[in-house]
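Since the structure comes first, as structure tokens, the remarks are kept for the end.
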């Protein structure tokens with residue numbers, strides 16, 4: 001798999017925009033506050049993922065790890081994340097807190113799980129810094145669009161989430177094989 | 001909300017701790033220098049020659065638990081390989097090992113069978129001769145010739161070469177045995193190891209005598225190894241990490257290798273890359289269990305040989321050039337780890353200089369690691385000529 005393709009595809013599927021948009025689709029939000037909050041969530045997630053991605057090389061040096069070894073571990077976590085999406089799509093999260101900051105924090109726990117974070121870091125190794133940044137922006141852009149739209153019927157959202165989860169496992173296997181074949 | 005955040009923190013904690021103890025355990029690569037690599041090579045070669053018997057044979061193995069050798073029978077192929085490795089060291093400038101290597105060679109040549117037109121090496125006049133023994137004997141003789149300029153064995157080399165080519169089938173695969181009784185190859189038996197050993201030998205013969213046609217059978221066997229060999233031998237994962245294939249590819253680097261040969265080489269390089277990386281994460285504790293079992297020293301030594309030859313290919317062929325630095329890093333990492341495993345300072349000649357895994361060393365552990373360390377030292381000298 002080409003480095004850019006692997007980077008973009010892995011981020012897109014492991015984030016699972018359909019699954020996240022369904023899980024974070026709190027029903028009690030007014031349109032304007034909702035857009036502001038999800039924009040903040042996605043913006044913060046982009047910042048965190050891009051920063052961690054750009055810090056991949058020094059972090060791996062610090063941890064005495066080579067890029068292919070990290071990619072192998074990332075493939076494992078991406079695959080596990082896909083399995084979770086496929087087997088148990090997250091139920092919509094009820095926000096019991098009226099504070100906007102609390103809802104943003106809650107949203108970030110949906111986006112900044114180990115799978116996407118490791119995928120963002122591995123993306124930098126696959127295709128370089130540019131591929132890492134672009135893949136994060138594409139995945140998060142798709143997530144933001146679906147969060148704002150909130151129009152997918154529940155059964156479609158559930159099965160799409162499961163399908164993307166299965167696709168995530170396939171992508172993870174590809175990344176793992178590629179990492180295992182790397183010197 | 002707090003429950004979800006706590007769950008998120010727990011998931012992250014378990015992920016980071018679990019990964020660090022297993023797949024993300026630190027890759028520990030002890031530093032290597034020209035001096036440390038050279039000293040380790042000398043100690044390994046000394047283990048071989050200090051334990052050499054009067055008839056030229058080497059000590060086959062040593063078990064620390066019983067303070068003695070095992071009951072495993074002596075192996076001619078490994079004898080030939082060890083002799084070849086000593087000649088590699090002589091070729092690298094360590095002429096003091098020539099006499100011991102020649103003693104090993106004389107013992108081998110005492111086991112000759114054949115009619116002179118074709119020569120093989122067998123454990124007895126009516127015993128089956130292994131292709132691998134003849135191939136590694138031929139490789140050793142070429143190295144000896146390169147190191148000394150002595151041409152006294154040229155006729156023998158050619159007859160060994162004719163024997164090797166006589167074992168080749170039309171698809172490039174190699175029959176592993178030859179019967180002195182039948183004076184013919186034994187049909188139907190191949191070997192995972194011998195095919196690559198044979199290819200390396202005839203590739204060297206072509207580079208020694210470029211007009212004699214040794215390249216034709218070499219191409220045929222390389223084609224077979226790069227395409228069908230692993231499937232025929234039913235090995236998994238593929239390609240089989242065959243350091244003899246790596247030696248052969250490096251020897252044929254200037255012949256005009258095809259793209260699919262380079263693809264094969266790239267897959268081979270990947271096998272050794274992950275082998276060294278995986279081994280470098282095996283440092284005791286849970287990571288030791290996850291990355292168990294440890295390969296025997298001979299196996300780990302072959303990784304060094306394979307990586308070194310892939311690096312040689314990378315330097316010679318720009319299609320492979322992107323791997324040069326990574327291959328160099330893995331070679332140094334693997335060498336550093338082997339040096340750390342080498343026994344020194346015990347005062348026992350059966351122990352000092354040996355590479356022990358689970359308390360056991362075998363002569364090919366020293367052979368393969370010595371070869372790998374020779375190439376590591378060469379790399380380090382390239383990087384720092386001072």
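Of all residues in region B:54-67, none satisfies being within 14 Å of chain A (Cβ to nearest Cβ), over 26 Å from residue B:135 (Cα atoms) and in a loop (DSSP other than H, G, I, E, B). Inspection of region B:69-76 finds no residue satisfying the criterion of being at pLDDT 95 or above, crowded, with 19+ Cβ neighbours inside 10 Å and within 14 Å of chain A (Cβ to nearest Cβ).
Quick one: how many residues across region B:312-336 are under 16 Å from residue B:29 (Cβ atoms) and either within 13 Å of chain A (Cβ to nearest Cβ) or out of contact with any helix residue (DSSP H, G or I) (no Cβ under 7 Å at 6 or more places or on another chain) (or both)?
Initial filter on region B:312-336 (under 16 Å from residue B:29 (Cβ atoms)): B:325-336.
From what is left, the residues that are either within 13 Å of chain A (Cβ to nearest Cβ) or out of contact with any helix residue (DSSP H, G or I) (no Cβ under 7 Å at 6 or more places or on another chain) (or both) are B:325-334, B:336.
Residues that pass the stated criteria total 11.
Does residue B:282 satisfy being in contact with a helix residue (DSSP H, G or I) (Cβ under 8 Å, 6 or more places away or on another chain) and outside any helix (DSSP H, G or I)? So residue B:282 passes the test. The residues on offer are B:83, B:33, and the sole one that is touching a helix residue (DSSP H, G or I) at 6+ places or on another chain (Cβ under 6 Å) and more than 14 Å from chain A (Cβ to nearest Cβ) is B:83.
Do we have residue A:74 as part of a helix (DSSP H, G or I), buried (at least 17 other Cβ atoms within 10 Å of the Cβ), away from chain B (no Cβ under 11 Å) and at pLDDT 95 or above here? When the stated conditions are applied, residue A:74 does not pass them. Just wondering, is there one or more residues in region B:102-110 that are under 28 Å from residue B:360 (Cβ atoms), at pLDDT 95 or above and touching a strand residue (DSSP E or B) at 6+ places or on another chain (Cβ under 6 Å)? Yes: region B:102-110 contains one or more residues that are under 28 Å from residue B:360 (Cβ atoms), at pLDDT 95 or above and touching a strand residue (DSSP E or B) at 6+ places or on another chain (Cβ under 6 Å). Among the residues making up region A:155-183, those that are within 14 Å of another protein chain (Cβ to nearest Cβ) and buried (at least 18 other Cβ atoms within 10 Å of the Cβ) are A:172, A:175, A:176, A:178, A:179, A:180, A:182, A:183. Residue B:240 meets the conditions (1) in contact with a strand residue (DSSP E or B) (Cβ under 9 Å, 6 or more places away or on another chain); (2) crowded, with 17+ Cβ neighbours inside 10 Å; (3) outside any helix (DSSP H, G or I) in every case but one. The failed one is (1). Suppose the filter is modelled with pLDDT under 95 and at the interface with another protein chain (Cβ under 10 Å from one of its Cβ atoms); does residue A:96 pass it? Considered against the rule, which asks whether it is modelled with pLDDT under 95 and at the interface with another protein chain (Cβ under 10 Å from one of its Cβ atoms), residue A:96 comes out as yes. Residue B:77 meets all of the listed conditions (1) touching a strand residue (DSSP E or B) at 6+ places or on another chain (Cβ under 8 Å); (2) over 24 Å from residue B:161 (Cβ atoms); (3) outside any loop (DSSP other than H, G, I, E, B) but one, namely (2).
In this structure, is residue B:224 surrounded by 19 or more Cβ atoms within 10 Å (Cβ to Cβ), part of a helix (DSSP H, G or I) and more than 14 Å from chain A (Cβ to nearest Cβ)?
Working: surrounded by 19 or more Cβ atoms within 10 Å (Cβ to Cβ): yes; part of a helix (DSSP H, G or I): yes; more than 14 Å from chain A (Cβ to nearest Cβ): yes.
Criteria met by residue B:224.
Tallying residues that are in a helix (DSSP H, G or I), within 14 Å of chain B (Cβ to nearest Cβ) and within 14 Å of the chain's Cα centre (by Cα) within region A:99-154 yields 13.
The values are calculated or read from the model by the stated rules, or taken from the named source; none is laboratory data. Predicted model only: the values in this text are computed from it and were never measured. FYI the Cβ positions are ideal-geometry reconstructions off the backbone, even for glycines, and counts take in every protein chain you see.
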